[in-house]
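Asks: This is the structure I want to talk about, given as structure tokens.
Read the figures in this text as sums done on the coordinates, not as results from a lab. Keep in mind that this is a model prediction, so the values were computed, not measured. Ideal geometry is used to build each Cβ from the backbone, glycine not excepted, and the neighbour counts take in all protein chains shown.
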Amino acid sequence: MKKLGFLMFLVVFLLAFPKVGDASSGSAKIFLDGEQLNLTSGVKVANVNNNILIPIRVVSENLGFKVDWEKSSQSVTVQNSNTTVKMVVGSNTAEIDGSQVSMNITPVLNGQTTLVPLRFVSSQMGMDVKWDNQMKAVFLSSSESMTDPGEATPSEPDPEVPGTPTDPNVPSVPGTPGTLATVDGISFSEDRLMISTSASVTPSVFKLSGPDRIVVDLPNTAFSESFGYEHTLNTQNSGELNVTGYPEVSQIRYALFSDSPSTVRVVINLTTAKNYTVSTENAGLIFVDLNATDSEPAPPIGSSGKKVVVIDAGHGGGQPGALSVTGKYEKTMNLSIAKKVEALLKNEKSIDVVMTRSDDSTMSLSDRTKLANNLKSDIFVSIHGNSNTSSTPNGTETYYTRETSIELANIIHKHLVKATGLKDRKVKPGNLHVTRETKMPAVLLEIGFLSNSSDESQLFNEDFQNRVAQGIVDGIKEYLKVQ
Ligand SMILES: [Zn+2]
């Protein structure tokens, strides 16, 4: 009986994972207050990993906002009576009524057409935005028709549990009661799978062989709406994580394995059998660590009084950040410096360092802050390069948002400026997602300007980056009072 059960299981398992194809590129539909937008013929909406980009023409003609396009600076300004959103092609920093905000995708120029991220623009303009992954449709509701305006947080709408829509125009997902937790994000770095969920979930993890696999079942879960924005999800509610650089991991797939009871399954395909440890100590975060050996399970992060430092290499994967004057990506510099910081911090006995990403993977801003918040890290340091539409601005600056971060900002900046030797642009307050949404002292370092040729000539230089990493580490150690 047992054996038959297992065989049945195998069959179900094989059926549940049809070979996943390319990211869906079908054109997305847009609904405004329940009515599908009738786009002027020839107007094309772009779907980049389920981030919908719309021509600015649609913003003015269909959504009814005032739009200005300035060709010389490649900037778009979208306005209504309350809010002004300014974006620049290729830059993931937008200005909302004068303060800077990060976007997870940049406006792009496609021939003569400028495309801007639909979710970002409409939510900043006070609309409620929902994505129906099965229909590949975006549902917008203007604020007057929102059923519960108190719920709306325009800058970062919370992913909602499917099946409990606040908007009657959003079709509900069948068979998913309101008690489900949602799977908000999946990432893999340093041989460790990280799954972030909206609530505490106890996973069931087991090994299969022939081929070797590790299977992670998440009972009573479903994918959140936002999941589909950052990950590929096909119409069967399954997809694949882009994993490179791990020879022992051949593929990582995820799927809504069952919908009664609703279960998300993640499968790590291996080229060789590997052990693992599972950690669920941080509510809303599940780690499946493949670094484990039988004899020596890794101690939990931050155990025995160690300080936990989260290092965040800005951007990554499909979000390259700024492009330098010689055509290099900001994400590459950020990661390179972050890894140097990590290597130095690993020598510190009283510090545990955790990277938000340690390869060229895409990670949302909210997953980055969630990682730090759930780990209850002591500090959060985000590493970026600056950019401006003018080639003149140069130098090093440090951002913070909350008052509790000022001391960290001042100390790190002091060491950082000394290390870069670039112009001191000082410590500045800024309304940036990662410094705002984190709960511990958090800073965002703009090492130098990729748009300035003098700064840029140094930013990708190995010696320069080593000095910068040492400066950041000196700052961290001084702040944490670590010898
Ligand atoms: Zn950046």
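Asks: If amide hydrogens are placed 1.01 Å from N in the peptide plane, which non-local residues have theirs closer than 5 Å to the one on F139?
Replies: Answer set, sorted by chain and number: F31, K130, W131, D132.
Asks: On the Cα set of the range 307-480, report Rg and Dmax in Å, please.
Replies: Here Rg and the maximum Cα pair distance are 14.4, 44 Å.
Asks: Taking a cut-off of 22 Å between Cα atoms, list the lysines near K439, but don't count ones fewer than 8 places away on the same chain.
Replies: Within the straight-line cut-off, K439 pairs with K306, K307, K370, K376, K428, K477, K481.
Asks: Can you work out ³J(HN,Hα) from phi for every residue in the range 108-118, in order, using Karplus 6.51 cos²θ - 1.76 cosθ + 1.60 and θ = phi - 60°, giving whole Hz and x for Gly and Pro?
Replies: 10, 9, 10, x, 8, 9, 9, 10, 10, x, 5
Asks: What does the extension gain come out to for K428 and K29, with contour length at 0.36 nm per residue minus their alpha carbon separation?
Replies: This chain segment gains 139.6 nm when fully extended.
Asks: Please list the three semi-axes, largest first and in whole Å, of the ellipsoid equivalent to the range 29-129, using sqrt of 5 times the eigenvalues of its alpha carbon gyration tensor.
Replies: Taking √(5λ) for each eigenvalue gives 19, 16, 13 Å, largest first.
Asks: OK, next. How high is the FRET efficiency between E248 and S81 when r is their beta carbon distance and R₀ equals 45 Å, given to the nearest 0.05?
Replies: Here the calculated transfer efficiency is 0.20.
Asks: Hey, with R₀ at 56 Å, roughly what FRET efficiency would M135 and S390 work out to, going by the Cβ-Cβ distance, to 0.05?
Replies: Calculated transfer efficiency: 0.85.
Asks: Treating the range 181-289 as a set of equal point scatterers at the Cα positions, no solvent, please give the Debye-formula log₁₀ I(q)/I(0) at q = 0.09, 0.23 Å⁻¹.
Replies: -0.20, -1.40
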